[in-house]
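Participant: Sharing a structure with you now.
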Amino acid sequence: TPLYLVNHGESGPVRCNRCKAYMCPFMQFIEGGRRYQCGFCSCVNDVPPFYFQHLDHIGRRVDHYEKPELSLGSYEYVATLDYCRKNKPPNPPAFIFMIDVSYSNIKNGLVKLICDELKTVLQRLPKEEHEETSAIRVGFITYNKVLHFFNVKSNLAQPQMMVVTDVAEVFVPLLDGFLVNYQESQSVIHNLLDQIPEMFADSNENETVFVPVIQAGMEALKAAECPGKLFIFHSSLPTAEAPGKLKNRDDRKLVNTDKEKILFQPQTTVYESLAKDCVANSCSVTLFLFPSQYVDVASLGLVPLLTGGTLYKYNGFQVNSDSQQFLNDLRNDIEKKIGFDAIMRVRTSTGFRATDFFGGIFMNNTTDVEMAAIDCDKAVTVEFKHDDKLSEDAGALIQCAVLYTTIGGQRRLRIHNLALNCSTQLADLYKSCETDALINFFAKSAFKAVLNQPLKSIREILVNQTAHMLACYRKHCASPSAASQLILPDSMKVLPVYMNCLLKNCVLLSRPELSTDERAYQRQLVMTMGVADSQLFFYPQLLPIHTWDIKSTVLPAAVRCSEARLSEDGIFLLANGLNVFLWLGVSSPPELIQGIFNVPSFAHINTDLLIIVKQREQREMVFRQFLVEDKGLYGGSSYVDFLCCVHKEICQLLN
């Protein structure tokens, strides 16, 4: 259900005078309702006159159930001007589309594909629930070694192009007519989108810039005083003379050395300072990459990561076979729920505090989590430190507040409140442990560490932490048993399986067939994942399609990811949220093959389609890497071997 929206008019949200926590179910009303005690810092505050209400016989306000902020865990407040930049109401956001029109993108049909699709997708710009049309304005830039801005003002018969050749000091050559309402300028925009592929059809320019493109978009948003998002469609290493120019540094010799971490770091500091500027100007960057060779994802991907954008990567993109995936991604990205210019604070009751944050975020200090944009597919993982006394009676309270601008240009506060139990018994802690949240956290902290630690020591730390958690349980909570027995708490039965999957992931363990770019890409993907996504990503679903009753809408139950579960007469679908494979046993039933592929037999199946893997053929090598319970071809333990290794460590710790 949509969150309730609380509006206190010009008074704004009621907050604790000392710790600034927002009114929530953890505030205790006293003195007949005239004052309240803050659940976070215990400060006693006066209730503002407009907010006063009498208490009932159990000391609860009589309007308790009428007020979302007193009775619900999550709700929103309308923010007052004090919460806005320069104390002015924000302008609605803008989307700027920036297309790389270098030679190869024109020749392979990519530019035409993008332009054709934009004509459809722009009609589906997100809008506020009660509004007829979207308040989002749109703008267009194309680029190779130079930038082309387009004036698409509604009263023009034809779009006008302005070229910026000075890429060292980018400026925006026009304001009026660059960012427009799509509905009003539709015919000019469609003219432009028809013309772009032809306009550059004879261009032989293969060099591109990248940083100046983002600077141009950011400057345009800054000049229009609005937040926004850049959609950049790019395909090569930016080698042209300009800020952020990159060289090919894809050095396989660094793999498995202490210098391997360099491969995950950006080449120059320009990218981080650009990201910082983008966040300061609430400019989020989403990048669609179409690489045919090395493009240095570790550098190019940094701005999308730090600005709350998304990175999509389509290797060796072919218009005829790969378009569907890209177009689906583009549609979803444009239509999804999103907030801009966001800042998050996490407050806690005494005894513990938030100390570390992981996600598509930027931090200038230790408490404010800044996000140029936040959307429904991004999660922020927070680590808390227990640094003082907690009491079983009071429990532990958390309030997360996100101040952001909606797609309609309204400033809002989204509040989430959580009360957790505290216990003096370790056994209670192990009972309520959530393995999936732990894996999400360990993955993000390990992937953050790859920037400055050798991968070997990160893997060792993970094994060590796993052993420590389980040894502590064994020592303090488990009933006495033979030392040769491995004892796992019920809630952590699958922790070793998932931990082994994390250790074998290509970010922490390189494999010859995977490029440096692919590893940097997967690292970035995980940094913004929610818990459900990271679970599936590290341990794929393997579905026995051949057991499926076609008449039923329920999918067959997943089986464990191991070669032992495959059968010669079976067909299995494997999916992890990023890759999909259909594995076919050599004796797959002909009637199933006929039904799925419309060909008579196994031999007739065309393996160019989708990612079709036939048993005992070359491509099975790649597929096998996803059978995460088995021993890796290039290192990486099987699940059983990993259990033995952890058990050995536990025994050493206990001795």
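Participant: If you take every residue apart from Ser102 with its C-beta less than 10 Å away from the C-beta of Ser102, what net charge results, scoring Lys and Arg +1 and Asp and Glu -1? It would help to have the intermediate numbers written out before the result.
Facilitator: Details: positive: Lys107, Lys145; negative: Asp100, Glu205, Glu207.
So the surrounding residues net to -1.
Participant: Here's something else I'd like to know. In what sequence, highest mean first, do 577-585, 298-306 appear when ranked by Cβ atoms within 10 angstrom?
Facilitator: Values: 577-585: 18.2, 298-306: 25.4.
Packing proxy ranking, top to bottom: 298-306, 577-585.
Participant: Something else: What FRET efficiency, computed as 1/(1 + (r/R0)^6) with R0 = 30 Å and r the Cβ-Cβ distance, is obtained for Ser484 and Arg560, rounded to the nearest 0.05?
Facilitator: Numbers: r = 25 Å, r/R0 = 0.83.
The pair Ser484/Arg560 has a calculated efficiency of 0.75.
Participant: P(r) of region 22-155 in 10 Å steps, Cα pairs, percent per bin?
Facilitator: Each 10 Å bin holds this share of Cα pairs: 9, 23, 19, 15, 13, 13, 7, 1.
Participant: Give the calculated FRET efficiency between His416 and Cys84 to the nearest 0.05, with a Förster radius of 25 Å applied to their Cβ-Cβ distance. Could the numbers behind the result be given before it?
Facilitator: On the way: r = 22 Å, r/R0 = 0.87.
Using R0 = 25 Å, I get an efficiency of 0.70.
Participant: What spacing in nm lies between the two simple spin-label points modelled at Asn579 and Ser292, each 7 Å away from Cα in the Cβ direction?
Facilitator: Between Asn579 and Ser292, the simple spin-label model gives 2.4 nm.
Participant: Still on this structure, please answer the following. Mind checking region 159-206 for GluC sites (Glu not before Pro) that DSSP puts in a loop (not H, G, I, E or B) and that have at most 11 other Cβ atoms within 10 Å?
Facilitator: Numbers: sites: Glu169, Glu184, Glu198, Glu205; in loops: Glu169, Glu205.
Here the sparse-neighbourhood loop sites are Glu169.
Participant: So how far, in whole Å, is the C-alpha centre of region 255-306 from the one of region 489-557?
Facilitator: 24
Participant: In Å and from the alpha-carbon atoms only, list the Rg and Dmax of region 395-520.
Facilitator: 19.5, 64
Participant: Which Cα, out of Leu175, Val211, Asn500, lies furthest along the positive dipole direction of the chain (beta carbon charges, K/R +1, D/E -1)?
Facilitator: Asn500
Participant: Starting from 0.36 nm per residue, how many nanometres of slack lie between Lys153 and His57 once their C-alpha separation is accounted for? Don't skip to the end; give the middle numbers.
Facilitator: Details: separation 96, 0.36 × 96 = 34.56 nm, distance 6.44 nm.
Length gained, Lys153 through His57: 28.1 nm.
Participant: Let me ask something additional. Please work out the C-alpha center-to-center distance from region 349-414 to region 82-119 and express it in whole Å.
Facilitator: Computed from Cα coordinates, the inter-centre distance equals 30 Å.
Participant: With +1 assigned to the C-beta of every Lys and Arg and -1 to the C-beta of every Asp and Glu, and no other charges, what is the dipole magnitude of region 600-655 about the Cα centre in debye, to the nearest 20? Show your work: numbers first, answer last.
Facilitator: Working: 6 positive and 7 negative charges, 20 e Å.
Dipole about the Cα centre, nearest 20: 100 debye.
Participant: Give me the number: length gained by fully extending Ile596 to Asp377, i.e. 0.36 nm times residue separation minus the C-alpha to C-alpha distance, one decimal in nm. Mind showing how you got there, number by number?
Facilitator: On the way: separation 219, 0.36 × 219 = 78.84 nm, distance 3.19 nm.
Going from the current span to full extension adds 75.7 nm.
Participant: Looking at Cys115, Leu72, Val613, which one has the Cα that reaches farthest to the positive end of the dipole of the chain (charges on Cβ: Lys, Arg +1; Asp, Glu -1)?
Facilitator: Leu72
Participant: A further question follows. Could you work out how far the C-alpha centroid of region 136-195 sits from that of region 606-620, in angstrom?
Facilitator: 45
Participant: Which pairs break 28 Å Cα to Cα here: Lys86/Lys145; Lys86/Lys448; Lys67/Lys389; Lys145/Lys229; Lys119/Lys336; Lys145/Lys444? It would help to have the intermediate numbers written out before the result.
Facilitator: Working: Lys86/Lys145 36 Å; Lys86/Lys448 34 Å; Lys67/Lys389 32 Å; Lys145/Lys229 22 Å; Lys119/Lys336 18 Å; Lys145/Lys444 36 Å.
Those over the limit are Lys86/Lys145; Lys86/Lys448; Lys67/Lys389; Lys145/Lys444.
Participant: Reachable aspartates and glutamates from Lys276, Cα under 17 Å, same-chain residues fewer than 8 places away excluded?
Facilitator: Cross-link targets: Glu219, Asp341, Asp368, Glu370.
Participant: Looking only at region 443-471, which residues have a backbone nitrogen under 20 Å from a spot 7 Å from the Cα of Ser423 in the C-beta direction?
Facilitator: 468-471
Participant: Something else about it: Net charge near Val146: determine it from the other residues with C-beta under 15 Å of the C-beta of Val146, scoring Lys and Arg +1 and Asp and Glu -1.
Facilitator: Values: positive: Lys145, Lys245; negative: Asp100, Asp166, Glu169, Glu205, Glu207, Glu241.
So the environment of Val146 carries a net charge of -4.
Participant: Around Gly360, what is the net charge, scoring Lys/Arg as +1 and Asp/Glu as -1 over all other residues with Cβ under 12 Å from its Cβ? Let's see the in-between values first.
Facilitator: On the way: positive: Lys378, Lys444; negative: Glu370, Asp375, Asp377.
Local charge sum for Gly360: -1.
Participant: Dipole size in debye (nearest 20) for region 99-216 around its Cα centre, Lys and Arg Cβ +1, Asp and Glu Cβ -1? If you can, show how the numbers build up before the last one.
Facilitator: On the way: 8 positive and 16 negative charges, 26 e Å.
Rounded to the nearest 20 debye, it is 120 debye.
Participant: Next up: For the peptides 360-369, 212-221, 597-606, what is the packing order when you average, over each peptide's residues, the other Cβ atoms within 10 Å and list the highest mean first? Each step should come with its number before you reach the end.
Facilitator: On the way: 360-369: 15.9, 212-221: 25.5, 597-606: 12.2.
Put in order of decreasing packing, that is 212-221, 360-369, 597-606.
Participant: With an 8 Å Cα cut-off and a minimum separation of 6 or more residues, compute the relative contact order for the chain in percent.
Facilitator: Values: 1246 pairs, mean separation 68.6, N = 655.
Rounded, it is 10 percent for the chain.
Participant: Between Asp258 and Thr366, what is 0.36 nm times their sequence separation minus the Cα-Cα distance? Round to one decimal in nm.
Facilitator: 35.9 nm
Participant: For the chain, give the percent of accessible area contributed by carbon and sulfur heavy atoms, probe 1.4 Å, rounded to a whole number.
Facilitator: Carbon with sulfur: 51 percent of the solvent-accessible area.
Participant: Still on this structure: Roll a 1.4 Å probe over the protein heavy atoms and report the accessible area of Cys283 in Å², nearest 10.
Facilitator: The accessible area comes out at roughly 0 Å².
Participant: Averaged per residue, what accessible surface does the chain expose to a 1.4 Å probe, in Å²? Don't skip to the end; give the middle numbers.
Facilitator: Values: 30370 Å² over 655 residues.
Spelled out: the 1.4 Å probe surface of the chain, per residue, equals 46 Å².
Participant: How large is the dipole of the chain about the Cα centre if only Lys and Arg carry +1 and Asp and Glu carry -1, each at its Cβ, rounded to the nearest 20 debye?
Facilitator: Numbers: 63 positive and 71 negative charges, 282 e Å.
Using only the charged Cβ atoms, the result is roughly 1360 debye.
Participant: In 10 Å bins starting at 0, how do the alpha-carbon pair distances of the chain split up by percent?
Facilitator: P(r) for the chain, in whole percents per bin: 3, 13, 21, 23, 21, 13, 5, 1, 0.
The values are calculated or read from the model by the stated rules, or taken from the named source; none is laboratory data. Just so it is clear, the structure is predicted and the values come from calculations on it, not from any experiment. When we count neighbours, we look across all protein chains shown, and the Cβ atoms used for this are built from the backbone with ideal geometry, even at glycine. Accessible surface areas use protein heavy atoms only, side chains included; no ligands, DNA or RNA. Shrake-Rupley method; radii C 1.70, N 1.55, O 1.52, S 1.80 Å.
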